[in-house]
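The structure appears below as structure tokens.
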Amino acid sequence: MELVAAGTQFMREVNAAAILRRLRAEPSMSVSALAKAVGLSRQAVTRSLNALAEEGLVEFGSLDRDSNRAGRPAQLVRFRAEAGHVLGLSISPQDVRVAVSDLAGTVVANEVAQLPAGAGGEEAVETLLAAVARTGAAGLWFASAGTPGIVDPATGVIKLIPSMPGLAGDLLVRRLKDALDCPVYLDNDVKLATQGERWREPGRREDSLVMLHWGERVGAGIVLNGELYRGASNDAGDIGFLDLFEDGVGKDGLGPFESAVGGAEIVRLARTAAERDGDAAFTALIEAAGERALDVVLDAAADGAPPALEAIDAVSRRFATGVAVIRAILDPRLVVIGGPLARCGEHLLAAVRRHLSGLPLEQPALEVSRLQDDAVVLGALRHSLDEIERTRFGLARNTP
């Protein structure tokens with residue numbers, strides 16, 4: 001039974017929130033069934049429904065003539081998910097992604113646009129805004145965006161973003177607010193990806209989970225006791241800065257750990273293995289790919305190419321050291337590997353599991369993300385929907 005209240009305006013708001021929550025979980029319901037579900041009188045439910053209908057959030061439908069109940073057919077009512085839309089955005093050194101959903105979370109439009117190597121901040125923002133325009137998004141109620149680096153979600157200011165330094169500061173949030181006629185929220189991409197995984201993957205709804213983004217850079221989203229943990233400085237999970245190896249040193253703005261396991265190191269190891277084995281064709285393919293060389297190596301690993309698999313195994317041994325540290329400190333039930341490396345699938349999991357075997361502590365379950373590159377934009381959508389529930393539907397009032 002939904003939480004309801006008695007008395008004045010607060011009663012009406014809380015009761016309306018309970019009704020909305022229930023209606024959003026069903027295609028449609030009769031007024032009588034809705035009253036029973038939320039524990040209110042039919043009269044109280046009808047008053048709330050009339051007010052919600054005036055706001056355009058619910059719609060009275062036809063009578064339920066298919067029902068077997070005796071007497072007058074029940075009138076059906078439904079939540080109008082099409083009454084508004086929310087926006088999810090993702091920006092990375094490789095591409096920008098945009099998704100639009102209705103108020104029930106159904107994606108109605110999406111766009112992906114590649115960024116040229118070394119794209120500056122202004123170019124990245126213009127590409128993102130052009131992608132938004134192509135979706136034809138209208139009636140936006142909220143927009144959330146994920147970006148690499150350390151972000152202050154209260155202000156949208158990007159404090160540190162080594163992979164896209166041109167976006168440091170308030171450029172992105174300022175331009176989005178100017179272009180979109182709705183509130184805008186900006187957060188770290190891995191934290192939003194963690195929300196996306198928990199939303200779209202039922203098996204990810206653990207109360208103790210770590211989401212590891214593994215690509216050019218490495219970061220983690222941490223869920224403790226069912227809540228996303230941000231830390232005192234909002235940068236909990238920046239494991240790329242771990243210094244776990246004797247010769248650990250950061251390179252090109254990377255932390256020591258991500259320098260040892262990230263995209264540049266994977267490409268280097270694969271090239272070295274190919275040159276040693278005389279695989280001139282694979283070496284030439286890597287060289288020709290330029291900034292996209294990591295994609296070439298990962299695709300080759302998924303296809304079972306020996307030089308690529310050797311590189312994956314080498315970095316997996318190092319990566320397992322990081323997983324072991326996370327296990328020792330947090331002891332999560334589940335670790336999910338997302339980001340570009342997730343496309344290696346079982347090849348990657350087998351290598352990391354092998355290097356974790358034999359450690360004294362029991363290791364957490366290890367899986368790869370099926371959402372892969374879409375995890376961030378879906379997490380951004382989920383955050384936008386949560387904000388609508390909190391600010392427009394008042395559903396946050398139903399929790400202590």
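Candidates in the range 174-227 are the residues that are part of a strand (DSSP E or B), out of contact with any helix residue (DSSP H, G or I) (no Cβ under 6 Å at 6 or more places or on another chain) and not acidic (Asp, Glu); of these, the one that is farthest from SER369 (Cα to Cα) is TYR185.
Residue check: is VAL112 touching a residue at least 12 places away in the same chain (Cβ under 8 Å) and not in a helix (DSSP H, G or I)? Yes: the conditions hold for VAL112. Is one or more of the residues making up the range 351-358 touching a helix residue (DSSP H, G or I) at 6+ places or on another chain (Cβ under 7 Å), in a loop (DSSP other than H, G, I, E, B) and over 26 Å from ARG276 (Cα atoms)? Checking the range 351-358: not a single residue is touching a helix residue (DSSP H, G or I) at 6+ places or on another chain (Cβ under 7 Å), in a loop (DSSP other than H, G, I, E, B) and over 26 Å from ARG276 (Cα atoms). On the basis of being of a type in the set (Asp, Glu) and assigned by TED's automatic domain parsing to the domain that holds ALA264, does GLU387 make the cut? No, not satisfied.
Of the helices (runs of 4 or more DSSP H) entirely within the range 238-313, those holding at least 1 residues that are of a type in the set (Lys, Arg) occupy 263-276.
Among the numbered conditions (1) touching a residue at least 60 places away in the same chain (Cβ under 8 Å); (2) in the same structural domain as GLY345 (by TED's automatic domain parsing); (3) more than 14 Å from VAL336 (Cβ to Cβ), tell me where PRO162 comes up short. (2) is the only condition that PRO162 fails. Scanning the range 293-343 for residues that are free of Cβ contacts under 8 Å to residues at least 12 places away in the same chain and not β-branched (Val, Ile, Thr) yields a single hit, ASP303.
When we screen LEU298, LEU334 for residues that are surrounded by fewer than 21 Cβ atoms within 10 Å (Cβ to Cβ), within 23 Å of the chain's Cα centre (by Cα), under 19 Å from GLU367 (Cβ atoms) and assigned by TED's automatic domain parsing to the domain that holds LEU209, the only hit is LEU334.
Within the range 21-44, the set of residues being at pLDDT 85 or above and in contact with a strand residue (DSSP E or B) (Cβ under 9 Å, 6 or more places away or on another chain) comprises ARG22, LEU23, SER28, MET29, SER30, VAL31, SER32, ALA33, LEU34, ALA37.
The values are calculated or read from the model by the stated rules, or taken from the named source; none is laboratory data. Keep in mind it's a predicted model, so treat the numbers as computed, not measured. Neighbour counts run over all protein chains shown; Cβ positions are idealised from the backbone, glycine included.
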